[in-house]
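Step one of this worksheet: look at the structure below.
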Amino acid sequence: MRNEMTLSFVAIEENEALARMAMTCFITPLDPTLEEISEFKTIVSEAVTNAIIHGYECDGTSLVTIHAIMDENKVTMTVQDEGNGIFDVEQAMEPMFTTKPMMERSGMGFTIMESFSDQLTVESTVGHGTVVKFEKTFSPVTEASSMR
Amino acid sequence: MAEINTIDGIVVVTLSGELDNHEANRIRSTISSSIYAGQVRAIIWNLERLAFMDSAGIGLILGRMRDLVPYNGETVILNPSATMEKIFNFSGLGSMIRHCTVETALGEIGGVLHEK
């Protein structure tokens, strides 16, 4: 099946859960395994948290936008903010690198996103914002499970 | 949600629900306070009932390991899900993972279970 969605919400921490929940519902028709669900949820959570706390510093007014396309069993998703942007994307993607150690950010977000998705690209301009794009292909829906 | 019990100098933190950045910020100081309450020699993170965790969990656990440094305290990560285990392994915390009951973990650290 083909499906497409857009979700926008203001930059408050409470919306991390909203984004995870909405995106989990979006992939439900793919009949994902529990592990696929939790890996996908983690990707969403990391990207959205970055946009909220790094992009917008939890300003409560600016919008984070998720856009997702499902094409058969492949999901392409972008998480976009028009906030601070990342000064050095390559450095930001290094494991354990964080600009917010005082907030106990582990610096593992991008490592996790890279590991749990098939493809990850990050485009960022300082002062203009960041777009993180993922692709994840889910295991094909078997006949037995589609009969359910 | 975090349920915290201190048993014979070992803080047992039982987490449930979803641990993200928002939740970590909500429970951090309570967990730290129970460490600073004194004479703590270990912390056990019981994740058996935790439905979801992202990298905020890593930050939370690393931060409490720092709290434990003055006490030379040990950290045990108990019963994480397969996805969580991957996240811990990426972060170099894989060696702290144990799959057993809280009682067994307490026993291994040398805690004595007191009857209530």
Turns out the helices (runs of 4 or more DSSP H) fully within the range A:1-97 with at least 1 residues that are closer than 29 Å to A:P140 by Cβ are A:15-27, A:34-49
If you check every pair at least six apart or on different chains, which have Cβ atoms under 6 Å apart with a residue in the range A:82-110 that is closer than 25 Å to A:T61 by Cα and within 8 Å of chain B (Cβ to nearest Cβ) first and a residue that is at pLDDT 95 or above and buried (at least 20 other Cβ atoms within 10 Å of the Cβ) second?
A:E104/B:G59; A:R105/B:G59; A:G109/A:E46; A:G109/A:N50; A:G109/B:S55
Whichever residue in the range A:4-32 is within 11 Å of chain B (Cβ to nearest Cβ) and more than 14 Å from the chain's Cα centre (by Cα) and, among such residues, is nearest to A:D59 (Cα to Cα)
A:I12
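Yes or no, residue by residue, for (1) closer than 21 Å to A:E4 by Cα; (2) more than 10 Å from the chain's Cα centre (by Cα); (3) not charged (D, E, K, R):
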site: A:E35; (1), (2), (3): no, yes, no
site: A:K41; (1), (2), (3): yes, no, no
site: A:E57; (1), (2), (3): no, yes, no
site: A:T61; (1), (2), (3): no, yes, yes
site: A:D71; (1), (2), (3): yes, yes, no
site: A:M77; (1), (2), (3): yes, no, yes
site: A:D81; (1), (2), (3): yes, yes, no
site: A:R105; (1), (2), (3): no, yes, no
Would you be able to say whether some residue in the range A:126-143 is in contact with a Gly (Cβ under 6 Å, 6 or more places away or on another chain) and among the small types (G, A, S)?
yes
Within the range A:1-18, residues being in contact with a helix residue (DSSP H, G or I) (Cβ under 8 Å, 6 or more places away or on another chain) and more than 14 Å from B:L19 (Cα to Cα) number 7
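The values are calculated or read from the model by the stated rules, or taken from the named source; none is laboratory data. What you see is a predicted model, and the numbers here were worked out from it, not measured in a lab. Here Cβ is always computed from backbone atoms with ideal geometry, including for glycine, and neighbour counts include all displayed protein chains.
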